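Quick note: the coordinates plus some simple rules give every number you see, no bench work behind them. Remember, it's a predicted structure, so these values are computed and weren't measured experimentally. When we count neighbours, we look across all protein chains shown, and the Cβ atoms used for this are built from the backbone with ideal geometry, even at glycine.
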């Protein structure tokens with residue numbers, strides 16, 4: 001299923017209690033979808049409902065807890081869960097919004113320390129798991145991520161496409177569909193980030209650029 005790698009877990013979980021600060025007036029708020037039984041179905045379910053979502057209605061979201069800001073094309077929802085990376089328990093949160101034919105998402109992993117090895121393990125986990133959802137191998141290339149206070153940090157970007165299952169039907173019983181994923185990955189301090197667009201039809205280039213260029217670290 002699509003975005004199973006966002007958390008790679010199968011247990012149910014409570015919705016995250018954190019809320020980001022909205023800096024623009026929401027003209028037509030997107031009705032929040034009901035929480036899926038687990039994060040393995042969350043974004044796949046969102047993608048399956050894209051036909052019901054409005055067009056782009058950008059607003060800036062400032063997430064002080066996770067030290068970033070980004071613009072989403074609709075009112076985002078949030079979820080979180082505990083994960084295991086390289087034998088270490090960690091916590092991952094995700095904000096996401098649906099618009100057009102795409103799901104726009106930012107995932108944040110809370111790292112136990114700022115050791116480069118820990119950061120690298122988390123980034124590898126995110127990159128490989130996300131691409132594996134579409135039975136694809138990630139081929140990352142470098143990209144700079146802007147810091148709000150000034151300057152840039154080195155990150156990585158992948159673009160993959162494929163089907164979310166191994167046949168006509170995916171593992172969770174839903175029909176497989178061809179999807180595209182474009183995602184960026186960066187670590188700063190005790191956070192590792194995944195900024196991704198998952199779509200059945202790629203958004204217009206200006207909308208893609210709006211999302212990725214708006215992501216800034218504190």
The relative contact order of the range 56-199, taking Cα pairs under 8 Å that sit 6 or more residues apart, comes to a percentage of 20 percent
For the range 75-204, what is the largest minus smallest coordinate of the Cα atoms on each principal axis, given in angstrom and ordered from greatest to least? 43, 35, 30
Starting from the eigenvalues of the Cα gyration tensor, five times each then square-rooted, give me the equivalent ellipsoid semi-axes of the range 72-117, largest first, whole Å. 27, 10, 8
Quick check: residue separation of residue 141 and residue 208 times 0.36 nm, minus the Cα distance between them. What number comes out in nm? 22.4 nm
One finds the C-alpha centres of the range 94-167 and the range 185-218 to be spaced, in Å, by 8 Å
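How high is the relative contact order of the range 62-108, given as a whole-number percent (alpha carbon pairs under 8 Å, six or more residues apart)?
31 percent
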What order do you get for 161, 199 when you list them from fewest to most C-beta neighbours inside 10 Å? 161, 199
